[in-house]
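The values are calculated or read from the model by the stated rules, or taken from the named source; none is laboratory data. What you see is a predicted model, and the numbers here were worked out from it, not measured in a lab. Note that we place each Cβ from the backbone using ideal geometry, even for glycine, and neighbour counts take in every protein chain shown. When the accessible area is computed, the model is the full protein with side chains, heavy atoms only, and any ligands, DNA or RNA have been set aside. Shrake-Rupley method; radii C 1.70, N 1.55, O 1.52, S 1.80 Å.
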Amino acid sequence: MEDYIINWVISGVVFWTTTFLVIRKLFPERTFDFCNRIVSTIHASLAVCLASLSVQDWSCPVCPVASRSSPWQMKTLAVSLSYLIYDLICCLFDNHVNLDNSVHHLVSIIGIGAGLAYQICGSEMVAALWITEISSPFLHTRELLKELGYRDTDLNLAVDILFAAVFSFARMVGGPYLTYLTLTAGNPLLIKAMALGLQLVSAFWFYKILRMVKYKVVKRVGPNKAAKTPSR
């Protein structure tokens with residue numbers, strides 16, 4: 001791995017940690033998770049912007065496959081790698097350790113780290129970054145709204161559905177296509193294994209999100225139907 005990339009990663013971990021501490025100072029009455037989700041929202045928005053800017057040809061965003069990563073792509077990946085390291089450590093200090101999220105972070109850290117070490121498949125990895133982060137602002141917004149007192153409101157339900165729609169399209173339409181390209185291209189075995197692992201994690205989350213949306217919709221519609229049913 002290039003020295004400048006290592007410096008970017010180290011500087012990034014310091015930056016995300018400092019951002020979190022500043023937010024904790026600004027919102028002392030809010031929970032640990034609330035402040036961390038603000039940092040996560042900032043990263044997700046930044047990652048999508050950087051990934052979009054690093055696309056070399058919008059007529060084929062994933063091209064060229066299995067090619068040498070450009071400096072911009074490597075810096076984009078370094079920013080997200082630093083965030084993932086920060087967030088994995090940060091979650092260990094929270095009272096509720098999420099195993100699913102920890103596994104996802106570990107898979108992503110190993111995958112991005114391998115890509116930066118090999119200095120190839122930048123197009124595929126940046127595309128994966130875009131796919132995985134495009135739904136993250138909605139994910140964190142729905143949780144932020146709950147702490148702000150908007151749990152079980154129309155606004156919270158709308159964000160839930162929007163998150164589910166964006167996640168489903170990105171992870172279950174774009175994700176399998178990108179996984180196919182990564183597996184069939186001449187990428188290192190470790191990169192292929194990480195791509196497949198990330199897609200399997202996405203499929204598991206997709207199943208959980210479908211159950212969540214079904215529960216929310218039934219919970220919201222059920223009482224209304226019951227109120228309209230005439231008493232005998």
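Can D152 be described as surrounded by fewer than 14 Cβ atoms within 10 Å (Cβ to Cβ) and touching a Lys or Arg at 6+ places or on another chain (Cβ under 9 Å)?
Yes.
I want to confirm something. Restricting to region 33-60 and keeping residues that are polar (S, T, N, Q) and surrounded by fewer than 20 Cβ atoms within 10 Å (Cβ to Cβ), which single residue is farthest from the chain's Cα centre (by Cα)?
Selected residue: S59.
Just one of V97, V55 is within 21 Å of G197 (Cβ to Cβ), modelled with pLDDT under 95 and not in a helix (DSSP H, G or I); which is it?
Among V97, V55, only V97 is within 21 Å of G197 (Cβ to Cβ), modelled with pLDDT under 95 and not in a helix (DSSP H, G or I).
Looking at Y83, Y118, which one is in contact with a Phe, Trp or Tyr (Cβ under 8 Å, 6 or more places away or on another chain) and either open to solvent by less than 20 Å² (accessible area, probe 1.4 Å) or hydroxyl-bearing (S, T, Y) (or both)?
After ruling out the rest, the residue left standing is Y83.
Just wondering, is there one or more residues in region 20-32 that are open to solvent by 40 Å² or more (accessible area, probe 1.4 Å), in contact with an Asp or Glu (Cβ under 6 Å, 6 or more places away or on another chain) and in contact (Cβ under 8 Å) with a residue 60 or more places away in the chain?
Kept after step one, since they are open to solvent by 40 Å² or more (accessible area, probe 1.4 Å), are these residues of region 20-32: 21-22, 24-32.
Now drop any that are not in contact with an Asp or Glu (Cβ under 6 Å, 6 or more places away or on another chain), which leaves 32.
Now restrict to residues that are in contact (Cβ under 8 Å) with a residue 60 or more places away in the chain: 32.
Yes, region 20-32 contains at least one residue that is open to solvent by 40 Å² or more (accessible area, probe 1.4 Å), in contact with an Asp or Glu (Cβ under 6 Å, 6 or more places away or on another chain) and in contact (Cβ under 8 Å) with a residue 60 or more places away in the chain.
Within region 116-232, which helices (runs of 4 or more DSSP H) (wholly inside it) include 1 or more residues that are farther than 22 Å from A78 by Cα, more than 20 Å from the chain's Cα centre (by Cα) and at pLDDT 90 or above? Steps first, please.
On the way: elements: 122-133, 136-145, 154-169, 175-184, 189-228.
Result: 154-169, 175-184.
For the structure I just gave you, tell me whether L200 is surrounded by fewer than 17 Cβ atoms within 10 Å (Cβ to Cβ), within 22 Å of N101 (Cβ to Cβ), aliphatic (A, V, I, L, M) and free of Cβ contacts under 8 Å to residues at least 12 places away in the same chain.
When the stated conditions are applied, L200 passes them.
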